[in-house]
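Notes for the one structure printed next.
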Amino acid sequence: MVVSSGFVIPGTELRERFSRSSGPGGQGVNTADSRVELSWDVAGSPSVPEWLRDRLLARLGRRLAGGVLTVAVSTQRAQLANRAEARERLASLLRAASSPPPPRRRPTRPSRGSVERRLSAKKQRSQTKKGRRLRSDE
């Protein structure tokens, strides 16, 4: 399974389990095992470099059970369609988790002109509201 250009998971490392899916199915509702659970051992996979393994384990921490990532799909009525969707979901999860972190934000300060414009707008608004008040000396 190709996750990205430099990240490929051999099919031998993937485990698939099939079970009965809930929902509509017509006559074959009680006989077809169309639900698919696709599992991949992130912690024990030899096809992942160490630096990438650490990133995957950190980002997928809550989704892992004992270092194993599992995706369950039962949206389609056909098992073959669910298998394809499970592989695509697993690949998209791994693509997102293996992407490099965004660049750090460089802190900036507002320009002098923008500060002056903001303060003058505040003064103008203050004068507008002051003009609406009733004067007690009159």
Next on the checklist: Which of the numbered conditions does Ser47 fail, given that it passes all the others? Conditions: (1) under 17 Å from Ser4 (Cβ atoms); (2) within 20 Å of the chain's Cα centre (by Cα); (3) not basic (Lys, Arg).
Outcome noted: (2)
Next on the checklist: Looking only at residues that are basic (Lys, Arg) and open to solvent by 30 Å² or more (accessible area, probe 1.4 Å) in the stretch 39-88, which one is nearest to Glu13 (Cα to Cα)?
Outcome noted: Arg87
Next on the checklist: Can you pull out every residue in the stretch 89-138 that is within 27 Å of Trp51 (Cβ to Cβ) and either open to solvent by less than 70 Å² (accessible area, probe 1.4 Å) or in contact with a Pro (Cβ under 7 Å, 6 or more places away or on another chain) (or both)?
Outcome noted: Leu90, Ala91, Ser92, Leu93, Leu94, Ala96, Ala97, Ser98, Ser99
Checklist entry - Out of Thr75, Thr108, which single residue is without any contact (Cβ under 8 Å) to a residue 24 or more places away in the chain and either in contact with a helix residue (DSSP H, G or I) (Cβ under 7 Å, 6 or more places away or on another chain) or among the aromatic types (Phe, Trp, Tyr) (or both)? => result Thr75
Next on the checklist: Against the conditions (1) of a type in the set (Ser, Thr, Tyr); (2) modelled with pLDDT of 90 or more; (3) within 30 Å of Val8 (Cβ to Cβ), where does Ser111 fall short? Just the number, please.
Outcome noted: (3)
Checklist outcome for this item: If we ask which residues in the stretch 11-37 are surrounded by 10 or more Cβ atoms within 10 Å (Cβ to Cβ), of a type outside the set (A, V, I, L, M, F, W, C) and at pLDDT 85 or above, their number turns out to be 7
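The values are calculated or read from the model by the stated rules, or taken from the named source; none is laboratory data. Because the structure is predicted, anything quoted here is derived from the model rather than measured. Cβ sites come from the backbone with ideal geometry, for glycine too, and all protein chains shown count toward neighbours. These accessible areas exclude ligands, DNA and RNA; they are computed on the full protein's heavy atoms, side chains included. Shrake-Rupley method; radii C 1.70, N 1.55, O 1.52, S 1.80 Å.
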